[in-house]
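The values are calculated or read from the model by the stated rules, or taken from the named source; none is laboratory data. Just so we're clear, the structure is a prediction, and the values are computed from it rather than from any experiment. Every residue, glycine among them, receives a Cβ derived from its backbone with ideal geometry; neighbour counts consider all protein chains shown.
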Amino acid sequence: MTDSDPRRTYGDHVAVLQARAAEALARGGLDHLVIPSGRAHMQLFDDREYPFAVNPQFKAWVPLTRAPGSWIVVTPGERPKLVYLQPVDYWHVVPEAPSGAWTEHLEVVIVRTADAARSHLPRDPARCAVLGEPGSALGDMVPNNPRPVLDYLDYHRAYKTPYEVAMLRAASQLAVRGHRAAECAFRAGASEFGIHLAYCQAVGQDAAELPYGNIVALDTHGAVLHYTGQQRVAPAPARSFLIDAGASHSGYASDITRSHAADTGSEFQALIDAVDIAQQAMCLQVRAGRDYRQLHLDAHLALAGVLREFGVLRMSAEAAVATGVSSAFFPHGLGHGIGLQVHDVGGFMASDTGGTIDRPDGHPHLRLTRVLEAGMVVTIEPGIYFIDMLLEPLRRCAVADGIDWDRVAAFLPYGGIRIEDDVVCTEDAPVNLTREAFAAA
Ligand code: GLY
Ligand code: MN
Ligand code: MN
C-alpha cells in the first residue's frame, strides 16, 4: 500500500466522517445519522424516470452513485452500515453487489426490496438525523434534515480528506482526456454537438454521468456563460471555442474550462494567452489564510489590466473596477468549492453553526466567500467576455469614453474566454489538479 492507496486513504476518510458525524449528532442531540441514497423521480404524466441523482450526503460515505433505495446508518462507536438495495428485477439492470476494498470499512447488508431496508435502520426515528429529500421516506423513517447537523456537516465538507483529493485528482485526469479530444474535434471542424460526443467518448461518460451539462461553445456562443445549445452544424469556419466540461470519479467532480482560437497567431489567441497567465497567477493565491472574496476582487483588477493592455479599455484598471465596468466583461464569480458537487455546499458559511459571509457589494454571483484553509479545493475560473446585453448600456454612460468600442467590435465575434482549474489549498504551495493532469497527458 502506498500513501495514496485508496484502501488506506478510504479507511482514514471514513474515520474522519465518523468523527464529524459524532459531533454533528451531538449538536443535534441525536443518536444516529441515517442517509437514504434517494429514489428515482418520474417525469410528469409519464412512466419515464429522470436520470437518477444520488443524495450527495450518501455518496460522501461510499463510492456509489447508482444505488437508489439504499441507506447509510452511522451510530457513534459502531461501524457504519450500508443497507444496499439489490432488487429482484428482470426489467432493469440490477446494481452489482458492493465490492472492492472499501467495503471492508463498513457493515454491508443486502436487501431485495426497498421496504426490507426498514428493519436494518434504527428503531426510533425520533433519535435519528435523517438526511434526504421527502420522497426518500421509508415508512416512519422520514427525512427531517436537522439544521444543526446539516450545518456542521456542510461546513466541514469543505475540508477534503486525502482520499477525496485523490478522487478529485482522478476526476481531473478523466476530464483532461476529454478536453484534448474536444480540441482535436474543434480543429477538425466538428460542430458543437460533435465536439460534445468526442468529449463523452474520450471520458467514457454520457451526459447523465457527467457532473454538469457540458458547455461547448463556438464563436459568439462563448459569450453565453452556461451555453448548452449544442448546435448540430458547425460554423464554417469557426473562429473560437470555449469548453467548460468536467468528469465524475467515484462521485467526485472536476470542473475545467479551456478556450481556443482557430488561428493560433491571432490577436484573440494573444488575449487567451494573457488571460491564461493571469489565471495561473490567481491559482497561486490559493493559500491558507487568503480571503476568497479578496481573490475575486483582485481578479477583477487583473482582468481589467489585461483589457487595458489589449486596448479594449482606455480607463485605468482601478477605474474599471471602481465604476463596475470590469463586471460587464467578467460578470461571474472567480470560482467555488468543488467536491461531491460541482458547486459544493457551504460556500458562504460563517461557521459550523451556520451564519453567512456576505458577498462583496456589487458581486452578486460569487459562490464562495470563506477564508481559504488547507484541505479546501476550489475552482479558479476568470473570464473575459464580449456580451452585447451587458456592454450596450455602457455606451450611454459616463464611462463610455473609457472603452474603445472599435476594439470591442473586433472581439465580439469571438464570444469570450474562460480558463478554469481545480486547485487544492494546502499548508504550503497550492496543488493545481488540472494543470497537473494536462502536464501528464
Ligand atoms: N461549470 C460551471 C462552473 O464553472 O461553475
Ligand atoms: Mn466552475
Ligand atoms: Mn466550469
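Does region 326-335 contain at least one residue that is away from ligand 1 (no atom under 16 Å from the Cβ) and of a type outside the set (S, T, N, Q)?
First, the residues of region 326-335 that are away from ligand 1 (no atom under 16 Å from the Cβ): 326-329.
Checking the rest, the ones that are also of a type outside the set (S, T, N, Q) come to 328-329.
There is at least one residue in region 326-335 that is away from ligand 1 (no atom under 16 Å from the Cβ) and of a type outside the set (S, T, N, Q).
Name the single residue, out of those in region 254-264 being within 18 Å of Val224 (Cα to Cα) and away from ligand 1 (no atom under 16 Å from the Cβ), that is surrounded by the most Cβ atoms within 10 Å (Cβ to Cβ). Give the derivation first.
Residues of region 254-264 that are within 18 Å of Val224 (Cα to Cα), as a first pass: 255-261.
Pick out the ones that are also away from ligand 1 (no atom under 16 Å from the Cβ) and you get 260-261.
Values: His260: 22, Ala261: 20.
Out of the qualifying residues, it is His260.
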**Asked** Tell me, which residue of region 224-253 that is surrounded by fewer than 24 Cβ atoms within 10 Å (Cβ to Cβ) and among the hydrophobic types (A, V, I, L, M, F, W, C) is farthest from ligand 3 (Cβ to nearest atom)?
**Response** Ala236
**Fill in**
Residue hits (region 228-248; under 19 Å from Asp421 (Cα atoms) and within 15 Å of ligand 1 (Cβ to nearest atom)) are Leu242, Ile243, Asp244, Ala245, Gly246, Ala247, Ser248
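Name the one entry in Glu381, Glu392 that is crowded, with 18+ Cβ neighbours inside 10 Å and not aromatic (Phe, Trp, Tyr). Outline the logic, then answer.
Details: Glu392 fails: crowded, with 18+ Cβ neighbours inside 10 Å.
None of the other options fit; the residue is Glu381.
Conditions tested, residue by residue: (1) farther than 20 Å from Ala262 by Cα; (2) within 16 Å of ligand 3 (Cβ to nearest atom); (3) not hydroxyl-bearing (Ser, Thr, Tyr).
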position	(1), (2), (3)
Ile384	no, yes, yes
Pro393	yes, no, yes
Cys397	yes, no, yes
Asp401	yes, no, yes
Arg407	no, no, yes
Asp421	yes, yes, yes
Asp428	yes, no, yes
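Within the bounds of region 30-44, is there any residue that is among the basic types (Lys, Arg), without any contact (Cβ under 8 Å) to a residue 40 or more places away in the chain and either farther than 24 Å from Leu168 by Cβ or surrounded by fewer than 21 Cβ atoms within 10 Å (Cβ to Cβ) (or both)? Working first, answer last.
Kept after step one, since they are among the basic types (Lys, Arg), are these residues of region 30-44: 39.
Then drop every residue that is not without any contact (Cβ under 8 Å) to a residue 40 or more places away in the chain, which leaves none.
Scanning region 30-44 turns up no residue that is among the basic types (Lys, Arg), without any contact (Cβ under 8 Å) to a residue 40 or more places away in the chain and either farther than 24 Å from Leu168 by Cβ or surrounded by fewer than 21 Cβ atoms within 10 Å (Cβ to Cβ) (or both).
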**Item:** Output for region 254-285, where each listed residue is within 16 Å of ligand 3 (Cβ to nearest atom) and either assigned to a loop (DSSP other than H, G, I, E, B) or within 21 Å of Arg370 (Cα to Cα) (or both)
**Value:** Ser254, Asp255, Gln279, Met282, Cys283
**Request:** Could you please let me know if Ser266 is in contact with an Asp or Glu (Cβ under 9 Å, 6 or more places away or on another chain) and on the phi < 0 side of the Ramachandran plot?
**Result:** no
**Item:** So Arg359, is it among the basic types (Lys, Arg), at pLDDT 95 or above and away from ligand 3 (no atom under 14 Å from the Cβ)
**Value:** yes
**Prompt:** Quick one: would you say Ala319 is away from ligand 2 (no atom under 16 Å from the Cβ), of a type in the set (A, V, I, L, M, F, W, C), within 19 Å of the chain's Cα centre (by Cα) and surrounded by fewer than 23 Cβ atoms within 10 Å (Cβ to Cβ)?
**Reply:** no
